[in-house]
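The values are calculated or read from the model by the stated rules, or taken from the named source; none is laboratory data. Model, not experiment: these values are computed from the prediction. With ideal geometry, Cβ positions are generated from the backbone for all residues, glycine too; neighbour counts draw on all protein chains shown. To get the accessible areas, we keep the full protein, side chains included, count just its heavy atoms, and leave off ligands, DNA and RNA. Shrake-Rupley method; radii C 1.70, N 1.55, O 1.52, S 1.80 Å.
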Amino acid sequence: GPYEFSKIQHVQDLSGEHTGAVWCMKFSPCGRMLATGGQDKYLRIWVLKDAYYHFEELIKKFNADQKSSPTPSQESLVSHQSFEESAQILQAVATSAGPFVSIPYRTYSGHTSDLLDVSWSKSHFILSSSMDKTVRLWHISRRECLCCFQHIEFVTAIAFHPQDDSFFVSGSLDGRLRLWNIPNKKVFLWNE
């Protein structure tokens with residue numbers, strides 16, 4: 001019939017990184033990265049093996065562009081992988097059995113409770129929401145949190161605006177939907 005499930009097979013197991021429940025996962029719009037989060041408070045970004053070098057080049061270019069017009073805030077955000085980390089990930093790119101590199105491309109810490117939702121922008125920014133009542137903003141070229149948006153209650157759902165990366169919407173246990181302006185770090189509109 002039209003729904004042929006007999007050929008489904010287990011391709012890869014990405015266990016051994018997350019501890020506890022994984023509450024959320026989303027593919028990037030390009031389909032080459034996967035963000036996962038949950039009980040252990042970490043946001044992890046996984047990359048397809050055949051896209052690893054593409055992202056390394058993209059990030060080099062992005063960081064070169066940033067350095068041509070540095071601002072104090074950007075300068076402090078530039079951080080580099082240690083030689084050991086680079087060697088470890090290159091080894092994983094070469095030896096991973098499945099489609100994904102077997103160790104995360106990025107592991108982001110900052111949330112103090114379970115991650116509940118994650119959202120990608122077209123330009124590889126990532127939002128994560130948590131039971132710690134915050135939304136955090138990340139970018140794959142950076143190792144630290146770029147911005148934190150405080151809420152009154154658990155933030156159960158988030159989504160980037162589909163056309164404009166500078167806005168996102170958040171849903172919270174307080175029953176409010178908030179439209180945030182990222183550059184201004186302020187709620188632009190809200191609705192009960």
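For this structure, a couple of remarks:
- Failed item, numbered, when Ser79 is tested on (1) modelled with pLDDT of 85 or more; (2) farther than 21 Å from Asp165 by Cβ: (1)
- Flag for Glu144 being within 25 Å of Thr19 (Cα to Cα) and over 19 Å from the mean Cα position of the chain (by Cα): no
- Options Gly38, Gly20, Gly31: the member that is farther than 14 Å from Val101 by Cβ and more than 15 Å from the chain's Cα centre (by Cα): Gly20
- Leu189 vs. criteria part of a strand (DSSP E or B), of a type in the set (A, V, I, L, M), out of contact with any Ser or Thr (no Cβ under 9 Å at 6 or more places or on another chain) and at negative phi: yes
- For the range 118-173, the candidate set comprises residues that are among the β-branched types (Val, Ile, Thr) and closer than 23 Å to Asp65 by Cα; within that set, the residue that is surrounded by the most Cβ atoms within 10 Å (Cβ to Cβ) is Ile126.
- The range 81-96: number of residues that are in a helix (DSSP H, G or I), touching a residue at least 12 places away in the same chain (Cβ under 8 Å) and within 19 Å of Ala35 (Cα to Cα): 2
- Selected residue (only one of Ser28, Ser69, Ser96 is out of contact with any helix residue (DSSP H, G or I) (no Cβ under 9 Å at 6 or more places or on another chain) and at pLDDT below 95): Ser69
- Single residue of Ser113, Ser119 found to be over 18 Å from Phe55 (Cβ atoms), of a type in the set (Gly, Ala, Ser) and within 15 Å of the chain's Cα centre (by Cα): Ser119
- Residue, nearest to the chain's Cα centre (by Cα), within the range 147-185, restricted to residues that are of a type in the set (Gly, Ala, Ser) and part of a strand (DSSP E or B): Ala159
- First in the range 97-119 and over 11 Å from Thr134 (Cα atoms) and part of a loop (DSSP other than H, G, I, E, B), second anywhere and open to solvent by 40 Å² or more (accessible area, probe 1.4 Å) and among the hydroxyl-bearing types (Ser, Thr, Tyr), Cβ under 6 Å, 6 or more apart: Ser109/Tyr42
- First in the range 173-192 and in contact (Cβ under 8 Å) with a residue 40 or more places away in the chain, second anywhere and in a loop (DSSP other than H, G, I, E, B) and charged (D, E, K, R), Cβ under 9 Å, 6 or more apart: Ile182/Asp165
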